[in-house]
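Structure first, then comments.
The values are calculated or read from the model by the stated rules, or taken from the named source; none is laboratory data. Owing to the predicted nature of the structure, the values given are computational and were not obtained by experimental measurement. When we count neighbours, we look across all protein chains shown, and the Cβ atoms used for this are built from the backbone with ideal geometry, even at glycine.
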Amino acid sequence: MNRRDFLRAATAAAMAAPAFSFSGRLFAAPASAPRFLLVFLRGGYDCNNLLVPYASDFYYESRPTLAIARPDAGNVNSAIALDSQWGLNPVLRDSIYPLWQKGQVAFVPFAGTDDLSRSHFETQDNIESGEPSGQRSDFRSGFMARLSGQMSSVPSIAFTDALPLTFQGGTRDIPNISLRGNTKSVFDTRQADILAGMYRNTSLASAASDGLELRQTVSKELQAEMMKANRGAPNAKNFAAETQRIATMMRDQYRLGFVDVGGWDTHVNQGNVTGGLANNLANLGKGLAAYADALGDEWNNTVVVVVSEFGRTFRENGNKGTDHGHGTVYWVLGGKVNGGRIAGEQVAINAQSLLQNRDYPVLTNYRDMLGGLLGRTWGLSGSQLQAVFPGARPRDLQLA
């Protein structure tokens, strides 16, 4: 190892050690303990072409090129009827729809935040913080970090390149691991010994050792799972392959997880059952179905919530796309989820019901919904929920 490589590796180890300290190591959590995974769609996805309000003439007037056809048994590209008002994008026919038929998926329309900035970064930060918009007291504190702090026996992890805001500022160190196809060991044995030696007899010795150990363990686990999944399966860069590997770690080790998925900002040529949005939805659906399958029986002890910072404008724009909106649709999935239904407060889909004549209104605040859901999942007290979501009014939508 030359001097430049040595210094580069040493810097990486120093940065990694705090994020991979003892709190991220393997805990003897009961196999049947509840699991929660938050999937964050960054970019503000167009919920109106996921959950299609096919009973609304206004939907078809507002989207002359983007609307998805009303349910029609003779048209495979038409919406799949979920009830008398709502349909599902047909690209999810083989992934999410079977889960819906089993009662393992619920959708919550008119959901979101009280942030009206329509700014990706501001609204993402507000959601990850879990504090009321405009009243954030700590800009480096996230609600999943506070949640983790309320449950010391629940090992947590972020499947992200860097530790997301939602897991920052807590009393426990949370590990993060990138799943962008990099499953090679970060350091070989000789390099790991050299780096561990640098911190021997210092206050960072334990953290450095733990960080190196966890990285090596995670890398080996991912390599083994990837070899199994590659047996005719999609490339590891595919979301479905990633979620299979996430499932392995959530099944065997972790109970509280976060993963984000980008590419949902569709201002131009969005498409309907083909195009960028449809491809993203299909990929997401396959990934979530693969996650459920890979968990096996533990899917019954799992809740997955899919959120995005906001929805899109109800009307399509002049570029055959949609712009930043407000209200959106959340997904709630799990083996014991009270699904097969559209949950939460709803209004008729017409021009009069739009917020500022452009967006879905928010009728279910994400802090209230998640507070009710997490409280039900883990039996958290009112004071614990207030520590996670200050000032929230938890609403139990009977989702789990």
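Which residues, counting only those in segment 335-374, are in contact (Cβ under 8 Å) with a residue 12 or more places away in the chain, surrounded by fewer than 20 Cβ atoms within 10 Å (Cβ to Cβ) and assigned to a helix (DSSP H, G or I)?
Ala351, Asp368
Could you tell me whether any residue of segment 291-300 is touching a His at 6+ places or on another chain (Cβ under 9 Å) and polar (S, T, N, Q)?
Within segment 291-300 (the criterion being touching a His at 6+ places or on another chain (Cβ under 9 Å) and polar (S, T, N, Q)), the answer is no, since none of the residues qualifies.
So in segment 160-175, with the set limited to residues that are modelled with pLDDT under 90 and touching a strand residue (DSSP E or B) at 6+ places or on another chain (Cβ under 7 Å), which one is nearest to Phe40 (Cα to Cα)?
Thr160
Okay, residues lined up against (1) surrounded by fewer than 24 Cβ atoms within 10 Å (Cβ to Cβ); (2) touching a strand residue (DSSP E or B) at 6+ places or on another chain (Cβ under 8 Å); (3) assigned by TED's automatic domain parsing to the domain that holds Ser117:
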{"residue": "Gly44", "(1), (2), (3)": "no, yes, yes"}
{"residue": "Ala55", "(1), (2), (3)": "yes, no, yes"}
{"residue": "Glu61", "(1), (2), (3)": "yes, no, yes"}
{"residue": "Thr65", "(1), (2), (3)": "yes, no, yes"}
{"residue": "Ala69", "(1), (2), (3)": "yes, no, yes"}
{"residue": "Val76", "(1), (2), (3)": "yes, no, yes"}
{"residue": "Leu82", "(1), (2), (3)": "yes, yes, yes"}
{"residue": "Gly87", "(1), (2), (3)": "yes, yes, yes"}
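Got at least one residue in segment 14-35 being under 17 Å from Met249 (Cβ atoms), in a strand (DSSP E or B) and at pLDDT 95 or above?
So far as segment 14-35 goes, yes, one or more of its residues are under 17 Å from Met249 (Cβ atoms), in a strand (DSSP E or B) and at pLDDT 95 or above.
Which residue out of Asp265, Asp193 is charged (D, E, K, R), in a helix (DSSP H, G or I) and modelled with pLDDT of 60 or more?
Of the residues listed, the single one that is charged (D, E, K, R), in a helix (DSSP H, G or I) and modelled with pLDDT of 60 or more is Asp193.
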